[in-house]
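Single-structure report; data block below.
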Amino acid sequence: MQFRFITAALLAYLLGSSVAAVELNELEGSPVSSMQQLTGKVVLVDFWASWCAPCRKSFPWLNAMQQRFGAEGLLVLAVNEDTDRSEAARFLQQVPADFSILYDHAGALAEQYQLMGMPSSFLIDKKGQIRYRHIGFKQADIAGYETQIRQLLAEE
C-alpha cells in the first residue's frame, strides 16, 4: 500500500489538534511525512483498544474498506489507545490490520476529542475536513458508512 504509515503531526493536522499535545508512535514501519502525499485522499481515522469487543468486529470491515476503496483514494488509519503496547500487539496478532496503525500511548488525542466510546471514528474528506463521526460499530450501520465513504470519494 502506498500510504501505509502517517506521522503524528499529520494526524494532528487532519484532526485539527495541536501537534505539541499529541505524542503518537508508529507501531511499525516508516511514517508518511508530507501533507502533500495525502492530497485528494479520504481518510478514515478509527480509535480502538485491545479490550474493545466491537473493535474485533470492525477490523475485518476496515480491512475490506482499505482493500476495496484504497485504489480510489481511501486511507484507513487506526489509532490504538492501549496503555500497554503489548496488548495492542496481541490484538493485532489475533485480528490483523491491512491498514496503518498508530499508538497513542498517553491517550492525548483521545482525550482531546473526548471519545465517548470504542471504537470511535472520523471520516475526513479530500480537503482535510472532518465530515462524519461514528461512535461504536454495528453491523446494521455498515451500509451507511460505506455510502458516506463512496460519497466522499466521488467529491472533487
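The values are calculated or read from the model by the stated rules, or taken from the named source; none is laboratory data. This is a predicted model, so every value here is computed, not measured. Heads up, the Cβs are rebuilt from the backbone with ideal geometry, glycines too, and the neighbour counts pull from every protein chain shown. Please note that ligands, DNA and RNA were not included when accessible areas were found on the heavy atoms of the full protein model with its side chains. Shrake-Rupley method; radii C 1.70, N 1.55, O 1.52, S 1.80 Å.
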Inter-residue pairs, beta-carbon under 6 Å, first in contact (Cβ under 8 Å) with a residue 60 or more places away in the chain and open to solvent by 50 Å² or more (accessible area, probe 1.4 Å) and in the stretch 107-131, second among the polar types (S, T, N, Q) and in a loop (DSSP other than H, G, I, E, B), 6+ apart = Gln112/Ser17
Give the number of residues within the stretch 57-72 that are buried (at least 16 other Cβ atoms within 10 Å of the Cβ) and either at positive phi or free of Cβ contacts under 8 Å to residues at least 60 places away in the same chain (or both).
-> 3
Based on what the data block shows, is Pro54 open to solvent by 40 Å² or more (accessible area, probe 1.4 Å) and touching a Pro at 6+ places or on another chain (Cβ under 7 Å)?
-> yes
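Yes/no matrix, rows are residues, columns are (1) touching a strand residue (DSSP E or B) at 6+ places or on another chain (Cβ under 7 Å); (2) outside any loop (DSSP other than H, G, I, E, B):
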| site | (1), (2) |
| --- | --- |
| Pro96 | no, no |
| Ala106 | no, no |
| Ala110 | yes, yes |
| Met116 | yes, no |
| Arg133 | yes, yes |
| Phe137 | no, no |
| Thr147 | no, yes |
| Leu152 | yes, yes |
| Glu156 | no, no |
